[in-house]
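Have a look at the structure below before the remarks.
The values are calculated or read from the model by the stated rules, or taken from the named source; none is laboratory data. In this text the structure is predicted, and so the values were computed from the model without any measurement. Neighbour counts are summed over all protein chains in view; Cβ atoms, including those assigned to glycine, are modelled from backbone coordinates with ideal geometry. Quick note on the areas: whole protein, heavy atoms, side chains included, nothing else; ligands and nucleic acids left out. Shrake-Rupley method; radii C 1.70, N 1.55, O 1.52, S 1.80 Å.
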Amino acid sequence: MELKIGLIGCGAIGREHIKRLSGKVQGCKVVAVCDVFEEGAKKGAELAGGAKVYVNDVAGIVNDPEVDAVVVTTPGFAHKEAVMAAIKAGKPVFTEKPMTTTAADSKEIVEAEMATGKHLVQVGFMRRYDKGYQQVKALLDSGDFGKPLLCKCTHRNPEVGTDYNTPMAVHDTAIHEIDCMHWLVDDEWDSVQVILGADTKYTHPALRDPQVMVMRTKKGVTIMLEVFVNCKFGYDINCEVVCEDGVIHMPSPAFPTVRKDGNLSTPIEQSWINRFIDSYDVELQNWVDCAKKGVVEGPTAWDGYTANLTADALVKSQETGEIVKVESGEKPAFYQN
Ligand code: NAI
Ligand code: ISE
């Protein structure tokens with residue numbers, strides 16, 4: 001049986017996911033697409049090899065009887081409406097990160113999903129599917145390095161649009177490390193702090209850039225994360241875990257080193273599209289396979305919610321500079337393995 005998908009939001013990652021769901025991922029078909037702009041929706045439909053077009057009609061596409069499952073690739077602020085509509089329709093839904101932009105909104109999704117008694121929501125925290133992070137996790141879990149003590153991470157983008165602002169450095173960008181670093185060291189977040197300093201000449205008044213985020217887990221593992229979204233030179237994701245008995249450095253996809261014109265050089269990745277290309281493929285194949293069985297194996301709505309709680313604390317610290325406590329509460333039985 002082919003899973004018939006309705007995809008909402010035919011922008012950058014929406015188009016990538018349409019191509020992947022129409023080419024690489026097995027056992028599914030994008031049968032309908034939606035965007036606020038007709039032109040965007042038509043382009044998405046074309047990439048799907050001919051899909052039904054919905055313009056600014058989330059309820060329409062979600063409730064289309066031809067649609068078995070929903071993929072949400074609108075900007076974060078618009079995820080809640082589509083995810084809630086899918087839950088109401090009882091259809092599996094994959095939403096890109098962040099699940100929403102606030103913990104209050106994400107809590108409503110958790111409560112709505114639990115009320116159905118069915119697992120329907122998966123959040124696009126694709127780094128958990130990345131080979132490099134998985135290799136680091138396997139080494140940590142082996143116990144050969146002792147316990148993790150601290151992690152040094154960078155999350156650098158060459159540049160962002162002018163509508164990207166200071167809080168987005170947290171809930172659009174650092175949200176990846178918020179999810180994957182606590183998964184990596186197998187612990188929950190306890191407190192966070194943002195340190196702001198000199199700004200790059202390439203930013204604008206609504207965006208402090210770069211930012212240093214310090215996050216501490218309940219067992220005391222400290223993560224130091226640099227978010228720099230106008231670094232200009234490339235898409236540069238790094239992660240190093242300092243342990244009692246050694247240091248683990250995450251591998252990055254390799255580029256050839258070249259000798260030319262008196263220089264020895266190695267290119268740097270330029271886009272998330274290529275850096276995490278394999279992770280998106282594995283993530284969506286797994287989601288399709290699970291949606292057909294009516295289960296969710298990937299990051300859940302609870303993961304989306306706790307990531308937002310941590311993000312809210314970081315945004316608060318952006319405003320005050322203070323250390324802010326993260327209060328996540330008990331994981332409901334519904335979300336225990
Ligand atoms: P984008 O701005 O390129 O595309 C968003 C699209 O959604 C646009 O075509 C827009 O017209 C449409 N849209 C907005 N509101 C809508 C609504 N209510 N109904 C229907 N369509 C609507 O944004 P981009 O970069 O594609 O990001 C989309 C989401 O994917 C964001 O949540 C972002 O954080 C996430 N993302 C995740 C990445 C990852 O590595 N996992 C990488 C890039 C984006
Ligand atoms: C974007 O939405 C992503 O998810 C990228 O992975 C991240 O690097 C970028 O900062 C976000 O804006």
- request: Could you identify the single residue in Val296, Val227 that is touching a residue at least 40 places away in the same chain (Cβ under 8 Å) and either away from ligand 1 (no atom under 16 Å from the Cβ) or over 18 Å from the mean Cα position of the chain (by Cα) (or both)?
  value: Val296
query: If we keep just the residues of segment 185-224 that are farther than 16 Å from Leu150 by Cβ and under 21 Å from the mean Cα position of the chain (by Cα), which is most open to solvent (accessible area, probe 1.4 Å)?
result: Glu188
Conditions (1) touching a residue at least 12 places away in the same chain (Cβ under 8 Å); (2) away from ligand 1 (no atom under 13 Å from the Cβ); number of the one not met by Ser142: (1)
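Suppose we filter Thr222, Thr266 for residues that are in contact with a strand residue (DSSP E or B) (Cβ under 6 Å, 6 or more places away or on another chain), at pLDDT 95 or above and either of a type in the set (Val, Ile, Thr) or within 23 Å of Thr320 (Cβ to Cβ) (or both); which single one remains?
Criteria check complete, one pass: Thr222.
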message: For segment 155-173, give me each residue that is in contact with a Leu (Cβ under 6 Å, 6 or more places away or on another chain) and crowded, with 23+ Cβ neighbours inside 10 Å.
response: Val170
message: Looking at segment 64-86 only, could you name the residues that are part of a helix (DSSP H, G or I), aliphatic (A, V, I, L, M) and open to solvent by less than 10 Å² (accessible area, probe 1.4 Å)?
response: Ala82, Val83, Ala86
- prompt: Inside segment 99-133, can you point out the residues that are touching a residue at least 12 places away in the same chain (Cβ under 8 Å), surrounded by fewer than 24 Cβ atoms within 10 Å (Cβ to Cβ), acidic (Asp, Glu) and more than 16 Å from ligand 1 (Cβ to nearest atom)?
  reply: Glu108
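Of all the residues that make up segment 134-159, how many are hydrophobic (A, V, I, L, M, F, W, C) and over 24 Å from Leu309 (Cα atoms)?
Number satisfying all stated conditions: 5.
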From the options Val288, Val242, Val227, residue that is surrounded by 13 or more Cβ atoms within 10 Å (Cβ to Cβ), assigned to a helix (DSSP H, G or I) and not small (Gly, Ala, Ser): Val288
task: State whether one or more residues within segment 269-277 are at pLDDT below 95 and within 16 Å of ligand 1 (Cβ to nearest atom).
output: no
task: List the number of the failed condition for Ile61; all other conditions in (1) within 19 Å of the chain's Cα centre (by Cα); (2) assigned to a helix (DSSP H, G or I) hold.
output: (1)
